[in-house]
Every structure is written in C-alpha cells, then in structure tokens.
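So the structure is just underneath, and the comments pick up after that.
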Ligand SMILES: [Zn+2]
Ligand SMILES: [Zn+2]
C-alpha cells in the first residue's frame, strides 16, 4: 500500500533504525537537502520548519525538533523518523547541557574515512556529550581537524562536513580503538548511553512516562540497604515533597543512581521493581563492572580496586598502595593480612613503572587530581572537567602520562573517603 502513496519529498528511510548506530534526525535533514540539491536554509523554509533540527531533548523534545519531526514525517511519508531523536526517553530524562548548541561538532574519523557516498550517516549517539566513542568503531570522537586544529560548524552540507572548513583537509582518517585508554567507568558510561540510544532507535519502544525515575526511587526507598546508596540530593528531595514528583533526572544523575545500584539505566527506568529485586552485592563480580561496585566491606573493595587497576595495565598509573588504603580506611598491615598475594603483586608492579623521580611526579599528579572537587563530588565526573584536567596535566607531564593519571584518578574517585 505504502509504495503507491505520493509524497512531497523522496520517501527516504532513516538509516540504521532499531540499532545503536541509528542516524540522527539532524543528519537525515542534511541528507535530504543533498538529495534535493536544495540548500539547507531553503529546505527548512519551504518545509515550514523553524531552524536546523536539534536532536537532543531538554525535558521533552525541543519545540523546533518536534516541528522538524512532524514536517519531515509528513513530507516524506516516513513514520519512524522520531527514532533519530531521543523522543522515546525525552519525557523521562532531562538532558540539560547535553545538547549540541554552542559546542563544536564531533565526529568519528573512521566513519568519515570508510563510508561511501551512498552510506553517509551520522549516528545520534555522536550528539550526546557524555558519549566518548563511536558506536561503530569504538574510537574516540574528535572535534578538531588533525591538521590545523580548527573546530567545525554544525550546519554544513553533508559534502562540506567531511572537509575542514579552514584548511580543506579531509576529516576522515584511520585511528585505533579508544577502549584501552578509557577507564572502566568511562566504558560503562558509553555502554549506558548506547543502551539509551538503542531504546530510542527502536520504533516499537513506547515513550517512557515523565514519572519513570520517580517510580524507581519509590521502589528504592522501600529497600533500606539500597536507599542508603542513593545520592543525598535525590533522597532529600523525595523526603521534602512526598506528594510531588521528582523532576526527570539529568543523564549524569541517572548514571550516578544506576552505578550505586549496580544496574543498567534502561531497566532502572523501564522495570524498576524487577531490577531491584536481585541482591545488591552478587558474590561473583565480573571484571567489567568490578570497578563500579562499592562493596560495603573495605577488604572486598580493596581486592576489587587492586585487580582493577592492575587490569587497566599501562593505560593507568598505579599509585602507591597507601594512597588507595587511605581512601578505604585500611591500614597497610590489615591489607597485607587480608590480601597478601595481591598487595605484594601490586607493590611490585608499582615499582616496575619507572624511575623513582618519575613515579613521585605522577603520584603527586594523581593526588592533586583526586583533590579536585569537580572530579570527586559526583560518582560520574563530567567529561568537560576531565578534558580540562587532562589539558592541564598534559602541559606538565606530556599527553601519555596525563592520560594515565586521569584514568587512575577517575578509577579512585569512585571510592569515597570514609570520614
Ligand atoms: Zn565510527
Ligand atoms: Zn584543518
């Protein structure tokens, strides 16, 4: 039936629907202007849209995104273009500051290098600021030309987007996976963001209600051992106005709550009762999320942290073991008694990292980074803070060591210093 329908614009499907690589609505509109040979501004004007599509909601979809969505679905006869936005979670989640406005455009150099003209597509995930890597390649998303270092504008045509506006160099090049230099926390955040995109990308996903987070918190409140781990800001707000709905959380807050409960963000919003039924501390923790677990017992925590830092290998700087113990409220003797083999192995690894003067310099950098409030006041540090720290450290230590210090600091920042 559908193929006999006449549509004003070519009935182009949105690319990669129902996958975490789903094309953003913003890119779909750009692609449409390319297909029509019509400048973007003319397309926007003639289709009755306000301005360029912005795919990131901020308490519901932005009015201009809603309008673009309606206009494009009407004109192309496609009924799943909302999958290129975060419509499905837009009422349950507030993404303040996560939008594209006034931030430089980001892209994956591998995607630009590999895609042929017929495959051009830019994933919705690239627009979410907390996401650090490409959903297809796992390499770091970049926002600067590698030749001249210039940032790139958002509103270009699809063709122009792949060339630097300053020096005309290609913005596509081959680069390796970023997973080795990411900490476990950063990898977990990327996986959670992708799960949200995956939910939104599926045409079958119902729109989550505005009270999804509130309901999850009510469930948590009934389980004291879980409730105690919820960030204080949420607990006090729920206590103050029992009748009032908690506002939709920012993505950062949602991640923080999920991390303390050892669950994933999508089930937390979609099925909180089932999610919180399982035991909080499973005896067998898998390596992947071991760093995120906060075992109540300091000794168990010690084992997790040591394993984890050693598992990070050369991507992390191993700080002196006493630096970790002080954050766990443990004495060296206690630690040696509880984990003799691990502690000894860790200390050997520590010494093998290099000459003592260099170790000392990196130890100080880790300690200083951990004192930064911006990094430690939330379980999930804001990427903007991390980038600033990394830049500051790079001038002192060089890029490689700065990166290692950051990985370690992020790792240790999730260990609250017990008063
Ligand atoms: Zn890519
Ligand atoms: Zn350039």
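Readers should treat all values here as calculations from the given coordinates under stated rules, not as data from a laboratory. Bear in mind the structure is a predicted one, so any value in this text is a computation, not a measurement. Positions of Cβ are backbone-derived with ideal geometry, glycine not excepted, and every protein chain shown enters the neighbour counts.
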Put a dot 7 Å past each Cα toward the Cβ at residue 64 and residue 6; how far apart are the dots in nm? 3.3 nm
Computed on Cα atoms, Rg of region 117-173 relative to 2.2 N^0.38 Å comes out at 1.14
By how many nm would the segment from residue 35 to residue 148 lengthen if fully extended, with 0.36 nm per residue of separation less the alpha-carbon distance? 37.6 nm
Sorting check: for 137-150, 178-191, which peptide has the highest mean count of neighbouring beta carbons within 10 Å, and how do the rest follow? 178-191, 137-150
Round to the nearest 0.05 the FRET efficiency obtained for residue 322 and residue 113 when R0 = 51 Å and r is the Cβ-Cβ distance. 0.65
Between residue 221 and residue 264, how high is the FRET efficiency from 1/(1 + (r/R0)^6) when r is the Cβ-Cβ distance and R₀ = 22 Å? Nearest 0.05. 0.60
Difference of contour (0.36 nm per residue) and Cα-Cα distance, residue 160 to residue 80: 26.1 nm
Over region 294-363, how many percent of alpha carbon pairs lie in each 10 Å bin up to the one with the longest distance? 19, 56, 23, 1
Convex hull volume per residue in cubic angstrom - Cα atoms of region 2-162: 118 Å³
Computed from the beta carbon distance with a Förster radius of 35 Å, FRET efficiency for residue 237 and residue 384 to the nearest 0.05 stands at 0.90
Just to be sure I follow: if Rg is taken over the C-alpha atoms of region 293-413 and Rh is the Kirkwood radius over the same atoms, what is Rg/Rh? 0.96
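Can you sort 213, 276 from fewest to most other Cβ atoms within 10 Å of each residue's own Cβ?
276, 213
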If you bin the C-alpha pair distances of region 136-283 every 5 Å from 0, what whole percents do you get? 1, 8, 14, 15, 14, 12, 11, 8, 7, 6, 3, 1
Taking 0.36 nm per residue of sequence separation and subtracting the Cα-Cα distance, how much length would be gained by fully extending the chain between residue 310 and residue 353, in nm to one decimal? 14.3 nm
Two pseudo-spin positions, 7 Å from Cα along C-beta at residue 42 and at residue 175, lie apart in nanometres by 3.5 nm
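Diagonalise the Cα gyration tensor of region 209-279 and give the resulting equivalent ellipsoid semi-axes, square root of 5 times each eigenvalue, largest first, whole Å. Before the final figure, lay out the partial values.
Numbers: eigenvalues 53, 37, 28 Å².
They are 16, 14, 12 Å, listed from largest to smallest.
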Can you tell me which of 305-312, 353-360, 336-343 comes out highest on packing, and rank the rest after it, using the mean Cβ neighbours within 10 Å? 305-312, 336-343, 353-360
Run a plain Debye calculation on region 143-208 (Cα atoms as equal point scatterers, no solvent) and give log10 I(q)/I(0) at q = 0.28 Å⁻¹, rounded to two decimals, same order as the q list. -1.03
